[in-house]
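The values are calculated or read from the model by the stated rules, or taken from the named source; none is laboratory data. If you're wondering where the values come from, they're calculated on a predicted model, not measured in any experiment. Positions of Cβ are generated from backbone atoms using ideal geometry, with glycine treated the same way; all protein chains shown enter the neighbour counts. Please note that ligands, DNA and RNA were not included when accessible areas were found on the heavy atoms of the full protein model with its side chains. Shrake-Rupley method; radii C 1.70, N 1.55, O 1.52, S 1.80 Å.
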Amino acid sequence: MNRRRGCLVTLVVLAVLAALAIPVLLARWPWPISDPVRLKAIEAEAQALMATHPARPPVHYARVPESQLPPVIASLHPEWVTVHEWGVDIVIKPYFDGGWGYHVARSRRDLPMFDGCYSEVGHGVFWHGPC
């Protein structure tokens, strides 16, 4: 009987710890926004960045300084924003293989990762995780 009680107490403690840990972990996990107005603004701001910060040789990309980020893209609190020849990379959380963030490409076929890596969250705005 004592053994059962010990197992039950252990399970209850583990359940409480899991219940406390899950919300913290989910809060730190990056998620795409779904507001169509903000997504449309992100697409428009990315198009403007492609015009004002063109990717040029020899590196073929341009890092946008934080002080020059447009307001809606800045509100995402990105780690960095880079303009490439294919479009704009908005990195929300870096990781070994691309991390999490948004890609706004000149054309969908220009996206640099495999098609299965993306979900289109707004017209011309694609969310990706590590892929």
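Rolled with a 1.4 Å probe across the full set of protein chains, the surface gives Ser67 an accessible area near 110 Å². The listed residues Trp127, Trp80 rank as Trp80, Trp127 when sorted by accessible area, largest first, using a 1.4 Å probe. Normalised Debye scattering of region 36-128 at q = 0.18, 0.26 Å⁻¹ gives log10 I(q)/I(0) of -0.74, -1.62, counting only Cα atoms as equal scatterers and leaving out solvent. Under the convention that each Lys and Arg Cβ holds +1 and each Asp and Glu Cβ holds -1, the size of the dipole of region 36-128 around its Cα centre is about 140 debye.
Region 92-131 has equivalent-ellipsoid semi-axes of 16, 11, 8 Å, by the square roots of 5 times the alpha carbon gyration tensor eigenvalues, sorted largest first.
Rolling a 1.4 Å probe over the protein heavy atoms leaves Met113 with an accessible area of roughly 40 Å².
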